[in-house]
2 protein chains.
Amino acid sequence: MQQRTHTCGDLTLKDIGKQVCLNGWIKNWRDHGSLIFIDLRDRYGITQIVFNPEINKRAYDKARSLRTEYVISTTGVVQARPEGTVNKNLKTGEIEIIAQTLQILNKCKTPPFEISDNIEINEETKLQYRYLDLRRTSMQKNLLLRNHTYKLVRDYLHKLGFVEIETPILMKSTPEGARDFLVPSRNYKGRFYALPQSPQTYKQILMIAGFDRYYQIAKCFRDEDLRRDRQPEFTQIDIEMSFVNESDVMEIAQNLVKEIFIKIKNEDLGNKIPIIPFEQALKDYGTDKPDLRFDVKIHDLTSIFLNTNLAAFANEIRKGGIVAGISVEQSEYFTRKKIDHLIEYAKKLGAIGLIWYKIRDKELQGPTVKFHSQDEIVQLLAKFAGKEMRILFTMAGKSEKILPILGELRLHLAKELNLIDKNKTSLVWIIDFPMLEFDASENRFVARHHPFTAPQDRDMDLLEIEPEKVRARAYDLVLNGNEIAGGSIRIHNTDLQQKVFTMLNIAEEEAKQKFGFLLQALQYGAPPHGGIAFGFDRLIMILAGAKSIRDVIAFPKTASALSLMDGAPSAVSQTQMNELGISISNNK
Amino acid sequence: MQQRTHTCGDLTLKDIGKQVCLNGWIKNWRDHGSLIFIDLRDRYGITQIVFNPEINKRAYDKARSLRTEYVISTTGVVQARPEGTVNKNLKTGEIEIIAQTLQILNKCKTPPFEISDNIEINEETKLQYRYLDLRRTSMQKNLLLRNHTYKLVRDYLHKLGFVEIETPILMKSTPEGARDFLVPSRNYKGRFYALPQSPQTYKQILMIAGFDRYYQIAKCFRDEDLRRDRQPEFTQIDIEMSFVNESDVMEIAQNLVKEIFIKIKNEDLGNKIPIIPFEQALKDYGTDKPDLRFDVKIHDLTSIFLNTNLAAFANEIRKGGIVAGISVEQSEYFTRKKIDHLIEYAKKLGAIGLIWYKIRDKELQGPTVKFHSQDEIVQLLAKFAGKEMRILFTMAGKSEKILPILGELRLHLAKELNLIDKNKTSLVWIIDFPMLEFDASENRFVARHHPFTAPQDRDMDLLEIEPEKVRARAYDLVLNGNEIAGGSIRIHNTDLQQKVFTMLNIAEEEAKQKFGFLLQALQYGAPPHGGIAFGFDRLIMILAGAKSIRDVIAFPKTASALSLMDGAPSAVSQTQMNELGISISNNK
């Protein structure tokens, strides 16, 4: 093989006359009879190669056998492209190589799809032929962006004195929340390692060990059914700090995001990252992951309708519910048909119905207006006084039921009406999360964040009497409506940790068995500490403007955790299973 | 908690008079009655705190309850230490803090061992209380060195255009060589993922995908019995490049090591890294991992003794064996007793015996001299003419048997006689490895490197007729007698890959089932490519001067793959096993 002197993205007018050698893949070939043109591609760019039988007949003849995605090595001389054939879109678009020799390094079977961004490829085919899919410019860009971001993150944290420490992949199984991937032990038959759902306990141990500031870009694993674009293995930027409170961790985290946005997108996210308490976020946006790129909030209208005659409202208010709604600018958009569609959509989300009002020129329209008192109408109009003509969609019910539905509607309308400014970035902190959330499937309260999260000092008295009211020292960072990071100040005291385990219905025996090593470590001089973890795949997805995290992961798995390229998981030999002392059981 | 204004490694004479707050651990406390002195420690240093009842009686009283490893926050004023109490060994040794307030952030039970480098701690206790062990200065230094090296490696490779890409941890089981760790699949019961023994196939796929230069600091896994300081999970610097030959990869790799040595040890390894063919290394040093820090080689003495009367030599030569030996300077060291010990040691290594000669003043001494002809004696003396008085240890036998024994003896003598200059670094490339090595346990030839290694062009004709003579395009980098990196140019052609599988007795069906995806990928325009992988743990161990890789890994496992801190592997619930469709089998 003759080795390249340059890459396919290097050569420009300043190289005219140089003798060069390029290696790469045939992107296109055009046989013009007297001349053959090749677009030669590598990661760095595309360079045009011209084969002329008058320069080298052998090379020209060989070039006629070239096909898409063949790998070649070619030498030649750089010359300026003839007038009228310059391609301004390419860095190398002003030159071409007049080929002197050609060596075919490898052939390529006809690819199952064209290596181009302008085609729709079935996801399964893409994953099966991932090596071809990854040749596409968009995928190369995504993984190069990911590469760039690793570097930014590490440089930023290194500069601040964070120590990169690798934590084990083979750890102890302590399922709490999600399901563990298990690894049978050969030396201790009948016992298992687990793959980490996060390095949580290890990073706390590292704080107890005095490392002060730790980070790792860590692989994590959850054996869950892959709803919503998740992966069984995913990557997080994992950070932990000693002697800190919430604001210290939040500052480091938001500065990291700001650094990434400046360096990658040349966008300054500014110094005022809003901080919204969890309850407020639910009230205003129906979610703890609000997208603030558009200015629509949920309105609580209950006080207006306390004595209403509209049964749909009155009945719910009597049962302790609320009336709430969202309004957007009225336009020709909301035909009767569109409104009906929206009502159907709301019902799919679980709403009983949707009651709408058009507010124009101080006049209220809508099917239920006749049931409202003049006072109700006046108050409602007053609420939207001075605004453009609007449409208001309302519903009534228990707040925990209708607020999330209104939150979904809010996002739905933003998309429908194109309210989201794609050039804007919304970064917001959510704080004051409840410690607990009710897990309907297990019919018990579980830790919302994880069982090592510290309760807020002001709620300490409620721990044993009203645990569901205790707020956590937790914080989530939300980017354009996606939770990109979550963290907390941790418990650094054994007694409090034991109390919280009790609150979570983790019996003392169970706690000891699962987390005994942490409970013990807390007794040996644990410093106050806290941290945060970023979902790295999702962050890159947002930065890349990709639609799925599969597009920013080199070798992702399908929703059922299959690797279509190599066929994992696969059957293994009986010998392998015997060595591990396990067998396949028939019980379902 | 009052937060620190400085770390315990910050304050010096320039801070005199400042009001400061420090957080940290009590390293020592000395109650002088009228004053209490505390050495407060964190990752950054140690600062002396003085509690004086005349400054603050409450803080002083509280300070009396302080014990080793308590975590505190204290405020006070920086002052110069009184004359005669300055500690020049500490960066902060010229100042102390006159404490005004004291807050105990956490207590500490009496540690099972003192947090100090000057004590011998039982390995099991260290691992069980790893959070305390990691507080010791030497362990902190090791992990900070590791942190520093991650950064150097990444900066170096990033600068050269290498793209960091994460490859999956849940992959396909393709055991070839070592045993895979397996992960049962819940979605596909009876099927398994494997943890990667290395990202080998993925990095080749990435070359086929056109990424040109890839690297990753990757976790790898081997479920082997842990002889000789190995870990079930370990870290490698994984590198792959397209359109390269051996020298390109070797240059990148040795420059990386040189970069690390300059930056970490301020040592220039120079530009002449020796390259020794495998056969030559065996002949000269009895190993493919020669330590060149001392100038002792194995001498082949066969030609001298072709007609000898010494039966021990003659018999072996007749059977096709050789006579070889090593010589070191003679000194008072080699008493009859020492020589007997060495003979015992050689026998333990598998030698039949050891025949020795002392060469002094042109005179040959030794128990077998009487059996030698004058000619043999003259030739032997000529070989060592002009040298200091020496002792020569020889043995005879098949070269593949005795050379490794002499190699071990060579190292043993170097240690005994203190021949190794600890300030010297020996870096050497070994090349021209045979493709195959004989696996006695399986009674067949297996790939010495891995089945994707390309054979050398000059040996291509031998592939089918004398495969054991085929040399590989492989190279190992050896540092002070440790293999720190190994790599090869890979096969990029399906037919050749298939041929090599055949040579390795991997049947076509088996090859297809295990590596079908790679064989297929090679058909779609695979570029020539090659790479290398560094054993990162071992590299850090050498840089740190540590005795075991366990001392440079935050949470290592024992030789039987136990995690003594958290007890992994551990029993899991029946529910977990049912979900995975596996059960514990009783067959041994």
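Being assigned by TED's automatic domain parsing to the domain that holds A:T235 and at pLDDT 90 or above is true for just one of A:I542, A:I584, A:I506. Which residue is that?
A:I542
Kindly evaluate A:E510 against the criterion of being closer than 30 Å to A:A454 by Cα and not β-branched (V, I, T).
Yes: the conditions hold for A:E510.
Would you kindly identify the helices (runs of 4 or more DSSP H) lying entirely within region B:115-203 that contain at least 1 residues that are touching a residue at least 12 places away in the same chain (Cβ under 8 Å) and within 7 Å of another protein chain (Cβ to nearest Cβ)?
B:130-133, B:137-159
Only strands (runs of 3 or more DSSP E) wholly contained in region A:353-456 count here; list those with 1 or more residues that are farther than 22 Å from A:Y285 by Cα.
Those strands (runs of 3 or more DSSP E) span A:355-360, A:363-365, A:436-439, A:444-447.
For residues that are surrounded by fewer than 19 Cβ atoms within 10 Å (Cβ to Cβ) and of a type outside the set (A, V, I, L, M), tally how many sit in region A:311-333.
9
Can you name the number of the only condition in (1) surrounded by 15 or more Cβ atoms within 10 Å (Cβ to Cβ); (2) at pLDDT 95 or above that A:L90 fails?
Failed condition: (2).
Tell me, please, whether a residue that is over 12 Å from B:L40 (Cβ atoms), out of contact with any strand residue (DSSP E or B) (no Cβ under 9 Å at 6 or more places or on another chain) and without any contact (Cβ under 8 Å) to a residue 60 or more places away in the chain can be found in region B:65-76.
No: region B:65-76 contains no residue that is over 12 Å from B:L40 (Cβ atoms), out of contact with any strand residue (DSSP E or B) (no Cβ under 9 Å at 6 or more places or on another chain) and without any contact (Cβ under 8 Å) to a residue 60 or more places away in the chain.
Report yes if B:I359 is crowded, with 19+ Cβ neighbours inside 10 Å, within 30 Å of B:E246 (Cα to Cα), touching a strand residue (DSSP E or B) at 6+ places or on another chain (Cβ under 9 Å) and not assigned by TED's automatic domain parsing to the domain that holds B:I484, otherwise no.
no
Filter region B:399-445 down to the residues that are within 25 Å of B:E466 (Cβ to Cβ) and open to solvent by less than 50 Å² (accessible area, probe 1.4 Å) and list them by number.
The answer is B:S399, B:I402, B:L403, B:I430, B:I431, B:D432, B:F433, B:P434, B:M435, B:L436, B:D439.
What do you reckon, is A:A396 more than 14 Å from A:H299 (Cα to Cα) and in contact (Cβ under 8 Å) with a residue 24 or more places away in the chain?
In short, no.
So which pairs qualify, if the first residue must be in region B:291-303 and touching a residue at least 60 places away in the same chain (Cβ under 8 Å) and among the β-branched types (V, I, T), the second must be assigned to a loop (DSSP other than H, G, I, E, B) and surrounded by 20 or more Cβ atoms within 10 Å (Cβ to Cβ), the Cβ gap must be under 7 Å, and the two must be at least 6 apart or on different chains?
Final answer for the pair search is B:I298/B:G286.
Just to verify a result, which residue in region A:504-548, among those that are part of a loop (DSSP other than H, G, I, E, B) and away from every other protein chain (no Cβ under 11 Å), is most open to solvent (accessible area, probe 1.4 Å)?
Looking at residues that are part of a loop (DSSP other than H, G, I, E, B) and away from every other protein chain (no Cβ under 11 Å), I get A:K547.
Since A:R186 meets every condition but one in (1) in contact with a helix residue (DSSP H, G or I) (Cβ under 9 Å, 6 or more places away or on another chain); (2) under 14 Å from B:Q576 (Cβ atoms), which condition does it not meet?
Exception for A:R186: condition (2).
Which count do you get for residues in region A:277-307 that are closer than 18 Å to A:S327 by Cβ and of a type outside the set (S, T, N, Q)?
The qualifying residues number 18.
Could you check, for region B:542-553, whether at least one of its residues is within 23 Å of B:D238 (Cβ to Cβ) and basic (K, R)?
Yes: one or more hits.
Could you grab me the full set of residues in region A:477-498 that are open to solvent by 10 Å² or more (accessible area, probe 1.4 Å) and either farther than 25 Å from A:I430 by Cβ or aliphatic (A, V, I, L, M) (or both)?
A:N493, A:T494, A:D495, A:L496, A:Q498
Grab the strands (runs of 3 or more DSSP E) fully contained in region A:230-324, keeping just those with 3 or more residues being within 14 Å of another protein chain (Cβ to nearest Cβ) and among the polar types (S, T, N, Q).
A:233-242
I'd like the full set of residues that are crowded, with 19+ Cβ neighbours inside 10 Å and either facing chain B (nearest Cβ under 7 Å) or part of a helix (DSSP H, G or I) (or both), limited to region A:552-562.
A:V552, A:A554, A:F555, A:A561, listed by residue number.
If I filter region A:301-309 for residues that are modelled with pLDDT of 95 or more, on the phi > 0 side of the Ramachandran plot and not assigned by TED's automatic domain parsing to the domain that holds A:I239, do I get at least one hit?
No, region A:301-309 contains no residue that is modelled with pLDDT of 95 or more, on the phi > 0 side of the Ramachandran plot and not assigned by TED's automatic domain parsing to the domain that holds A:I239.
The values are calculated or read from the model by the stated rules, or taken from the named source; none is laboratory data. Quantities reported herein were computed from a predicted structural model and do not represent experimental measurements. In this analysis, Cβ positions are derived from the backbone assuming ideal geometry, glycine residues included, and neighbour counts consider all displayed protein chains. The area values use the complete protein model at the heavy-atom level, side chains included, leaving out ligands, DNA and RNA. Shrake-Rupley method; radii C 1.70, N 1.55, O 1.52, S 1.80 Å.
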